[in-house]
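Please treat every number below as a calculation from the coordinates, not as lab data. Since the structure is predicted, the reported quantities are computational estimates derived from the model, not experimental observations. So basically every Cβ, Gly included, is an ideal-geometry build from the backbone, and we count neighbours across all protein chains shown.
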Amino acid sequence: MASTRDTFQVPKRYNSLAIALMAIGIIAIIALYITTHGSGGTPAEKHQSDARFWASLLQNSVYFLLVCNAVIFFIAATTLAWGGWQMSFRRVSEAITVCVPVVGTICGVILLTILFSSNHIIYHWSDNNVVANDAALDWKSGFLNKGFFATWTVFTIVAWSLVGWKLRSLSRSTDAGKLTVEEGKRYMWTNTVWAAIYIVIFALTVMSSIPWFWLMSIDAHWYSTMYSWYTFASSFVAGIALITLFVIYLKNTGYLEFTTKEHLHDLGKFQFAFSIFWTYLWFAQLMLIWYANIPEETVYFKPRYFGAYSPIFWMVFMINFVAPILIYMSRDSKRNYATLTFMSMLILFGHWLDFYQMVFPGSVSPDHVPTILYDFGVGIGFVGVILFVTARALTKAPMIAKNHPLIKESLIHHT
Amino acid sequence: MPVKKFVVGNFDDEAVLFPAVKKVRRAGYKIHDVFTPFPIHGLDKELGLRDTSLHVAGFIYGITGTATAVGFITWALTLDWALNFGGKPYFSLPAWIPITFELTVLFASVGMVLTFCWLCQLAPFVKKDHFNPRSTDDTFVMALECTAKTNEQDAINFLNSVGAKDVSVQYRETGWWLGRYDKDNMKFEKRELAH
């Protein structure tokens, strides 16, 4: 087994691609900064162009952080359920989770910069004068205040990174040698406990408070009880798509010989199922507000459903619901590398676009869509970071945890 | 459906059954079916059965359900008896999605269950011949269909050689008929006595 296929070696072309993507990202950020800060204008215009710059960074960093973090959730959930099927490519998921501290640091810096900015862009509730003259914001200020936001953001990113690291190091601790039955039982128990701890943290962060803070507070007067679940569904589908893309890439370069079409089929099923789950939340959030027709709620959907953002809004629906349900419905398409690759990329883009329409109408302007190409460039940069970090992480450990108690279940897995 | 002649072998271990299926098929015998007490993964592939089309039927039923729901609600709420609900347009698609979804699921699930029963010939009072009643308990039963060219004794010897037990030649009705197991089991017994 001690062949070169056992551990990943980063191909030169892969490396240059990752660096090129990161360069595109940096160029896009610089270009965006110049276009938004170059010319003068009234204070109101300056405020808006400043917000446009930071909204782009906010959308991209939050999206890619939540996607990488969803991969930790995938690991924790399957570990907690003692799901053996994913063991053959588990090291790939683990490598992706190394991105959480990296993208998390970037995201944390961006969030805190926006929060403590002197001109109170995007999070207009961060201005004490505004809150003092606004009954609704004043009422929410017990939760929605700078101190809690900052503390909770830092705690969240650190906690995700630490538990992610713990789950990885537990997985790598089996590489030393075969486990006895007693050691195996104890190992499974420790693993389960740490996965459970992560799930609790996840429930308190992604499933509830973090989307409220980072995204929903952009439209501070509006709220939806579906919002956190909706954000979670988005990021989870995209996370599975990311795992699928890495698994297919590694299969095509000759690694992961024990990961077969059966595993990819299951990843395809996950994408299919959670695309439908996303749609369910998308629709539940929309339909109740549409039905009740209360002005302070419908104001959120007006620019999205009818206004400037409606092309994006409906494109998101087409990409994230209509395409998966039609294309992923048949068994063969979930077992086909080409459809899986295409759909995974499409889904990653679709949910990126979804985050775009969540962030921009509230933080920049509900009346016009800014040039999306800049934001796409920034997103490409984050993709580059993920490619770079994941590949580095993959080289650090064997590609398969061959002593894990459940590994055989994965090798004989079939659907 | 006609009565046919079968060579029937019983296995008490699936680890014996799998290689036996492979050998029997390679030897060119026609396997009528294999009856097992529980579903066995991979046996369908070993037997060379094609993938089921049940899901295609399910898709068609589902689409039918969607069309029925959208069609009926549209007709009822815009043409036949248009009502104004809270100032919404008559054609209010978002409000109909839940019902459309429910009807899609209902049509797909009920349709698939009925199709499954039809394909398996399962229904109240539908009666079928058994090769060995213990195939519902602890025995794996393999039935080879005898064609004009089949030499019975060869087939029996072959089944014995691949690990079957109590190999016998049986005449069985391959179709179904209406009857009750507690009252009418004449047909079942007659066949066993007749041959």
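Across the options B:38, B:110, A:329, the greatest Cα extent toward the positive end of the charge dipole of the protein assembly as shown (unit charges at beta carbon of Lys, Arg, Asp, Glu) belongs to B:38. Pairs of Cα atoms nearer than 8 Å and 6+ residues apart set the relative contact order; for region B:54-119 it is 56 percent. Peptides A:9-19, A:357-367 ranked from most to least packed by the mean count of surrounding Cβ atoms within 10 Å: A:357-367, A:9-19.
Restricting the calculation to Cα atoms, region A:128-240 yields a radius of gyration followed by a Dmax of 19.3, 66 Å. In terms of the mean number of neighbouring beta-carbon atoms within 10 Å, the peptides A:302-311, A:50-59 order highest first as A:50-59, A:302-311. Averaged over the residues of peptide B:87-98, the number of Cβ atoms from other protein chains lying within 10 Å of each residue's Cβ is 2. Taking a ≥ b ≥ c as the square roots of the eigenvalues of the alpha carbon gyration tensor, region B:54-119 is prolate, as a/c is not under 1.5 and a/b beats b/c. Annotation: lysines with alpha-carbon distance below 27 angstrom to residue B:88 (same-chain offsets under eight excluded): A:302. Taking 19 Å as the straight-line reach from the Cα of residue A:140, the aspartates and glutamates in range (excluding those fewer than 8 positions away in the same chain) are A:127, A:219, A:296, A:297.
Panel note: the C-alpha atoms of chain A, placed on their principal axes, show extents of 67, 43, 40 Å (largest first). In units of the compact-protein estimate 2.2 N^0.38 Å, chain B shows a Cα radius of gyration of 1.52.
Ordering A:340, A:80, A:264, B:83 from the fewest to the most neighbouring beta carbons within 10 Å gives B:83, A:80, A:264, A:340.
The magnitude of the dipole of the protein assembly as shown, with charges of +1 and -1 set on the Cβ of Lys/Arg and Asp/Glu and taken from the Cα centre, is near 1540 debye. Exactly which trypsin sites (Lys or Arg not before Pro) in region A:129-233 are in a DSSP loop and have at most 14 other Cβ atoms within 10 Å? Passing sites in region A:129-233 are A:178. Which of the residue pairs B:5/B:127; A:251/A:396; B:5/B:128; A:166/A:334; B:128/B:165; A:178/A:251 have a Cα-Cα distance greater than 21 Å in the structure shown? Among B:5/B:127; A:251/A:396; B:5/B:128; A:166/A:334; B:128/B:165; A:178/A:251, the Cα-Cα distance tops 21 Å for A:166/A:334; B:128/B:165; A:178/A:251.
Using only the C-alpha atoms, the convex hull of region A:52-209 corresponds to 115 Å³ per residue. Loop-located chymotrypsin sites (Phe, Trp or Tyr not before Pro) in region B:1-106 (DSSP state not H, G, I, E or B) with no more than 14 neighbouring Cβ atoms inside 10 Å: B:81, B:85, B:90, B:91. Helix B:93-120: angle to the longest alpha-carbon principal axis of chain B, degrees 0 to 90, nearest 10? Once rounded, one gets 20 degrees. Scanning chain A for long hydrophobic helices, with DSSP H runs required to stretch 20 angstrom or more by C-alpha along their axis and to average at least 1.0 on the Kyte-Doolittle scale, returns A:12-37, A:99-115, A:227-252, A:372-395.
Taking other C-beta atoms within 10 Å as the exposure proxy, A:187, A:255 rank A:187, A:255 from fewest upward. Work out which trypsin sites (Lys or Arg not before Pro) in chain B are exposed loop sites (DSSP not H, G, I, E or B, at most 12 other Cβ within 10 Å) and give the longest gap free of them. Free of exposed loop sites, the longest segment is B:51-148. Here the contact order of chain A, divided by its residue count and restricted to Cα pairs under 8 Å and six or more residues apart, works out to 35 percent. Put in order of Cβ neighbour count within 10 Å, fewest first, the listed residues B:100, A:390, A:7, A:190 become A:190, A:7, B:100, A:390. Rg and Dmax over the alpha-carbon atoms of region A:204-252 stand at 14.6, 49 Å. Checking Cβ-Cβ separations below 4.7 Å across chain A identifies A:107 as cysteines lacking any candidate disulfide partner. Counting every pair of alpha carbons in region A:199-324, the share spaced more than 16 Å apart comes to 69 percent.
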